Amino acid sequence: MNLLYNKKILVIAAHPDDELLGPGGTIHKCSKKNKCDVHILIMSKGITSRSVSDLDKEIVSQKKSISEASKILGVSKVDIQNYPDNRFDSCDLLDLIKTIEKKIKTFSPDVVLTHHGSDLNIDHRLVFESTLTAIRPLPDSKSITLMTFETPSSTEWQSSDSNNIFSPNYFNQIDKEDLKAKQLAMKKYKSELRPYPHPRSTKSLEIISRRWGTVVGVEFAEVFKIIRIINKD
């Protein structure tokens, strides 16, 4: 069963570039080859925690980066929210939940992809909790498959003694074209891109996808953890 073929897919990310660091190749494959309609919900503009000389100018630049990266990946629609970067814990969790619920209601996805619930980044963890609540399986509600993705420079930086280390159980093979699209999209985020060996370098993204590919005998792969699948057939 291909969970990511001919589906409406919603990617919920805390910050700009999170949406492609983990599942960027998968988004490209789904939108360009798997007949999927992919929407992205980004919960923060991602730069308000930094010291910048002209915040308004940086926000405009970031929006341009998001638009260009999304176009490369084949995304149909991107919604950007304004929650405070790296301070989601200062917000009411209910507000986060309602924002996600609103998108779920208008888009009605079959599959939701979001952050791993024990990432080092607090915003990632709260997005996961909010998403889990927003798509709770109420009677007569649409069945939604929920999967989490790794976010390089957060997921792997969690303490090794965490009781919820990311352990993928869904491996999605991507090809060279998907990987190249992911790398090209990452280059649009000039403020987020880092030199190798930082995880947010284009070289590291290739190494990570090759590494996961070796686990399942393919050249490139991206990985997910299935949280919930509901089969009502």
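General observations
- For the residues Leu93, Leu10, a 1.4 Å probe over the protein chains yields an accessible-area ranking, largest first, of Leu93, Leu10.
- The chymotrypsin sites (Phe, Trp or Tyr not before Pro) of the range 82-179 that DSSP puts in a loop, and whose beta carbon has at most 13 other beta carbons within 10 Å, are Trp157.
- For the chain, cysteines whose Cβ has no other cysteine Cβ within reach (under 4.7 Å): Cys91
- For the range 100-233, fraction of C-alpha pairs farther apart than 26 Å, in %: 30
- FRET efficiency for the pair Asp175 and Asp89, taken as 1/(1 + (r/R0)^6) with r the Cβ-Cβ distance and R0 = 35 Å, rounds to 0.35.
- Here the chain is scanned for trypsin sites (Lys or Arg not before Pro) in DSSP loops (not H, G, I, E, B) that have at most 11 other Cβ atoms within 10 Å, and the longest stretch holding none of them is 51-189.
- Heavy-atom accessible area ranking, 1.4 Å probe, most first, across Thr99, Thr114: Thr99, Thr114
- Correct choice for semi-axes √(5λ) of the Cα gyration tensor in Å that was computed from the model, options (1) 40, 20, 17; (2) 28, 21, 17; (3) 24, 22, 18: (3)
The values are calculated or read from the model by the stated rules, or taken from the named source; none is laboratory data. Remember, predicted model here, so these are calculated numbers, not experimental data. Cβ atoms come from the backbone with ideal geometry, glycine included; neighbour counts cover every protein chain shown. Accessible surface is based on the protein model in full, side chains and every heavy atom, while ligands, DNA and RNA are left aside. Shrake-Rupley method; radii C 1.70, N 1.55, O 1.52, S 1.80 Å.
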